[in-house]
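K.L.:
Starting off with a structure, shown below.
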């Protein structure tokens, strides 16, 4: 009896296997050469797109990080360059990075910003940065944080470059390949997604986003949010007030970097239209209509200070100013 049941199931399985639905037309099949050519083209174009975003992000973020270095407790010497290796890229773009730019395991200079300290002393793409032990390092290596002299290797020749450095906030800005329109800070770095880079229409809007995330780090919002969660017995995770404060302080950071504020708050209208839930529903972030209007009011506040020749600093509550503000303006 068991054998009959087993044979019945086996026969049914074979019947299902041979009767699987299939296509009814003769599909054209590209040959391996055609497929390899098109694959290479798409990988190259995707890499070039990622690289262009990274350069734009570096250019805009450098201005915001430099202009607000006196309001950051964590600073480093900025050189006006970024380094890369093959691990700097998403795994699916590393092949293209190796073919197009020769990216390998050793960090090398990828991009030298125009007018920055590195360009002024003649540092070039492809140069290798060295630490005091002669080992190759990235531009964010701790050993370079306070130096004003870069040791580089170019075509096997070691050189020393002394430069006029520019202090910057020590929060590296990273680019992440993602379809989510997002940016976030973790207290140590700032990350912007490729979808956000596509969404922002102007450098002013990008500076607004970077300023917002920088404010999260300088105002220690991540640490505060964790603390509030812990003392509430993990019953609540209040972050909306911190998001509003980051909008406000971040606008000042953007203004201090010299960006035009006119109409920049319209970013939140476009984002609300793209994600309608954010118009009427607040979770971890405030609703987009309120964010737009609050930033508009803050913009007018900044413009009034500019017209009066006042220093562009956020209005702190009594006794709640940052350490930097207290050091500069007294207790």
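What follows is calculated from the coordinates using simple rules that are stated; it is not laboratory data. Just so it is clear, the model here is predicted, and its values are computed rather than measured. Every residue, glycine as well, gets a Cβ built from its backbone with ideal geometry; the counts of neighbours run over all protein chains shown.
K.L.:
Quickly work out the residue 87-to-residue 100 label distance, labels modelled 7 Å from Cα along the C-beta direction, and quote it in nm with one decimal.
P.N.:
2.2 nm
K.L.:
In what sequence, highest mean first, do 46-52, 203-209 appear when ranked by Cβ atoms within 10 angstrom?
P.N.:
Working: 46-52: 16.4, 203-209: 22.1.
Descending packing order for the listed peptides: 203-209, 46-52.
K.L.:
Taking 0.36 nm per intervening residue step and subtracting the Cα-Cα distance, what contour gain separates residue 184 from residue 20 on full extension? Walk me through the numbers before you get to the answer.
P.N.:
Numbers: separation 164, 0.36 × 164 = 59.04 nm, distance 4.71 nm.
Additional length available on full extension: 54.3 nm.
K.L.:
Continuing with the same structure: Please give the length that would be gained between residue 285 and residue 198 if that part of the chain were fully extended, namely 0.36 nm times their separation in residues minus their C-alpha to C-alpha distance (nm, one decimal). Mind dumping the intermediate values first?
P.N.:
On the way: separation 87, 0.36 × 87 = 31.32 nm, distance 2.14 nm.
Taking residue 285 through residue 198 to full extension adds about 29.2 nm, to one decimal.
K.L.:
With a 10 Å cut-off between alpha carbons and a GNM built on the chain, which of 222, 137, 29 moves the most?
P.N.:
29
K.L.:
Relative contact order of the stretch 25-115, please, whole-number percent, based on alpha carbon pairs below 8 angstrom and at least 6 residues apart. Present the calculation step by step, with values, prior to reporting the outcome.
P.N.:
Details: 55 pairs, mean separation 27.3, N = 91.
Relative contact order, the stretch 25-115: 30 percent.
K.L.:
Return the FRET efficiency for the residue pair residue 70, residue 162: r is the Cβ-Cβ distance, R0 is 35 Å, and the value is rounded to the nearest 0.05. Can you show the working numbers first?
P.N.:
Details: r = 24 Å, r/R0 = 0.68.
Calculated value: 0.90.
K.L.:
Moving to a separate point now. Over the stretch 75-169, what is the relative contact order in whole percent, taking alpha-carbon pairs under 8 Å and six or more residues apart? The partial results should precede the final answer.
P.N.:
Working: 166 pairs, mean separation 30.8, N = 95.
With pairs under 8 Å counted, the relative contact order is 32 percent.
K.L.:
Now for a separate question. When you have a sec, figure out the Kirkwood radius of the stretch 173-329 from all distinct Cα pair distances and drop it here in Å to one decimal? If you can, show how the numbers build up before the last one.
P.N.:
Details: mean 1/r = 0.0608 Å⁻¹.
For the stretch 173-329, inverting the mean 1/r across all distinct Cα pairs yields 16.4 Å.
K.L.:
Here's a follow-up. Among 129, 297, 214, which one moves the most in a GNM of the chain with springs linking Cα atoms closer than 10 Å?
P.N.:
Residue with maximal mean-square fluctuation among 129, 297, 214: 297.
K.L.:
Shape call for the stretch 75-169 from the C-alpha gyration tensor, a ≥ b ≥ c root eigenvalues: rounded (a/c under 1.5), prolate (a/b greater than b/c) or oblate?
P.N.:
Details: a/c = 1.73, a/b = 1.55, b/c = 1.11.
It comes out prolate by the Cα gyration axes.
K.L.:
Please build a GNM for the chain, connecting alpha carbons under 10 Å apart, and tell me which residue among 80, 319, 40 fluctuates the most.
P.N.:
It is 319.
K.L.:
Could you check the simple spin-label distance between residue 275 and residue 220, using points 7 Å along Cα→Cβ, in nm with one decimal?
P.N.:
2.8 nm
K.L.:
How far, in degrees from 0 to 90, does helix 32-67 lean away from the longest principal axis of the Cα atoms of the chain, to the nearest 10?
P.N.:
Compared with the principal axis, the helix lies near 20 degrees.
K.L.:
Let me ask you something else. Arrange 268, 227 by Cβ neighbour counts within 10 Å, fewest through most, would you?
P.N.:
Details: 268 25, 227 11.
By the 10 Å Cβ count, ascending: 227, 268.
K.L.:
Neighbouring Cβ atoms within 10 Å as the yardstick, rank 275, 216 fewest first. Mind dumping the intermediate values first?
P.N.:
On the way: 275 12, 216 26.
Neighbour counts put them in this order, fewest first: 275, 216.
K.L.:
May I pose another question? Treat each spin label as a single point 7 Å out from the Cα along the C-beta direction, and report the residue 48 to residue 260 distance in nm.
P.N.:
Here the answer is 2.9 nm between the modelled labels.
K.L.:
A follow-up question, please. Per residue, how big is the convex hull around the C-alpha atoms of the chain? Give it to me in cubic angstrom, could you? Mind dumping the intermediate values first?
P.N.:
Working: hull volume 93.0 nm³, N = 331.
Here the figure is 281 Å³ per residue.
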